[in-house]
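Written out below as structure tokens is the structure these notes cover.
Please treat every number below as a calculation from the coordinates, not as lab data. Quick caveat: nothing in here was measured; it's all calculated off a predicted structure. Here the Cβ is made from the backbone with ideal geometry for all residues, glycine too, and neighbour counts use every protein chain on show.
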Amino acid sequence: MNMLCVFVDIECVHNKYNKLVIKELALAKLDGSSQSWVFTAPHVYEELPQHVRSVNSWLLNKHHGLSWFDGDVPICRLKHILAKHIPAGSEVYVKGSVKAALLGDKVNLSHG
């Protein structure tokens with residue numbers, strides 16, 4: 001049985017605790033298929049401290065273009081989506097230690 005190889009990329013925003021939360025998830029497989037999801041906010045905007053709002057504004061305008069208000073998939077579905085599209089035993093690749101750490105508790109990442 002061939003191992004499924006999945007390339008994962010994420011974009012994040014900061015929550016009210018100034019912790020990174022996944023806002024967008026993109027998956028690509030060697031067969032050429034790809035899919036992406038943009039998640040709803042984990043809480044209301046008004047709960048964000050001003051300094052976090054400023055960081056998220058910078059990310060929106062200078063980095064990924066994702067607003068706190070973007071998204072149509074509830075963030076609570078993230079683990080289900082990962083489990084469905086990245087079966088156990090898959091080879092998973094992600095670029096960067098921060099992204100790997102964010103995904104590491106949700107999927108087994110390949111090292112090398």
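Each Lys and Arg contributes +1 and each Asp and Glu -1, all at the Cβ; summed about the Cα centre of the chain, the dipole is approximately 180 debye. When you restrict to C-alpha pairs under 8 Å that are six or more residues apart and normalise by the size of the chain, the relative contact order lands at 28 percent. Each 10 Å bin, from zero up to the one with the longest distance, holds this percent of the alpha carbon pairs of segment 5-104: 15, 47, 29, 9, 0. Helical content of the chain, expressed as a calculated mean residue ellipticity at 222 nm, amounts to -6000 deg cm²/dmol (DSSP H runs of 4 or more residues, -39,500 (n - 2.57) each, divided by residue number, nearest 500).
Shown is the FRET efficiency for residue 64 and residue 44, computed with R0 = 30 Å from the Cβ-Cβ distance and rounded to the nearest 0.05: 0.90.
Of all DSSP beta bridges confined to the chain, the antiparallel ones make up roughly 75%. Think of the chain as a dipole: +1 on every Lys or Arg Cβ, -1 on every Asp or Glu Cβ, centred on the Cα centre; then among 12, 98, 36, 98 lies furthest on the positive end.
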